[in-house]
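A quick write-up on the structure given underneath.
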Amino acid sequence: QVQLVDSGGGLVQAGGSLRLSCAASGRTFSSLAMAWFRQAPGKQRELVAAITSGGSTRYVDSVKGRFTISRDNAKNTAYLQMNSLKPEDKAVYYCAAGNRGLHTDPSRYDYWGQGTQVTVSS
């Protein structure tokens, strides 16, 4: 069993930066794919970025060049560095983990964090 605790959200002005963290418990972290999803009010949960155990990454087009996903297996932690934030990035961001690769479908991920709110003011 893996438990995820995500943190780092907050209120930032457009153009600003935030770094989200996802701390995982359990011994299998290094073998899991990690992902960040986000969900805005009235919208479906969407994949923002994902990273395999080997470091391959995937991003939604709207964040390419602005967001970077990374992981530190020694610390059992995944990160999402978000730069040049835009008002449309406002959402609850969720960390997720699974062993089925870099899928966009949330149902492919087995473990979820509680979510952290990101608000971007214009």
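The table that follows gives values for the structure above.
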{"read-out": "Rounded, prolate or oblate (a/c below 1.5 giving rounded, otherwise prolate when a/b exceeds b/c) for the chain by Cα gyration tensor", "value": "prolate"}
{"read-out": "Å² of accessible area per residue within the chain, as computed with a 1.4 Å probe and no ligands counted", "value": "51"}
{"read-out": "Nonlocal amide H pairs with Val48, under 5 Å, H built at 1.01 Å", "value": "Trp36, Phe37, Arg38"}
{"read-out": "Computed magnitude of the charge dipole of segment 23-72 (debye, nearest 20; Cβ of K, R +1, Cβ of D, E -1)", "value": "80"}
{"read-out": "The chain, dipole about Cα centre (Lys/Arg Cβ +1, Asp/Glu Cβ -1), debye to the nearest 20", "value": "100"}
{"read-out": "Long-range HN-HN contacts of Phe67 with modeled amide H, under 5 Å", "value": "Asn83"}
{"read-out": "Among 53-61, 114-122, the order from most to least packed when residues are scored by Cβ within 10 Å on average", "value": "114-122, 53-61"}
{"read-out": "Rounded to whole Hz, the Karplus (6.51, -1.76, 1.60) HN-Hα couplings of segment 101-118, x for glycine and proline", "value": "x, 9, 8, 8, 7, x, 5, 7, 10, 8, 10, 9, x, 7, x, 9, 7, 10"}
{"read-out": "Gap separating the Cα centres of segment 1-67 and segment 96-122, nearest whole Å", "value": "6"}
{"read-out": "Point-to-point label distance, Arg27-Gln44, nm (Cα→Cβ direction, 7 Å offset)", "value": "3.8"}
{"read-out": "Value of relative contact order over segment 1-97, rounded to a whole percent, pairs C-alpha under 8 Å and six or more apart", "value": "36"}
{"read-out": "Protein accessible area in the chain, 1.4 Å probe - carbon and sulfur %", "value": "44"}
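The values are calculated or read from the model by the stated rules, or taken from the named source; none is laboratory data. What you see is a predicted model, and the numbers here were worked out from it, not measured in a lab. All Cβ positions, glycine included, derive from the backbone under ideal geometry; neighbour counts span all protein chains shown. Protein only, heavy atoms only, side chains kept; ligands, DNA and RNA dropped before computing areas. Shrake-Rupley method; radii C 1.70, N 1.55, O 1.52, S 1.80 Å.
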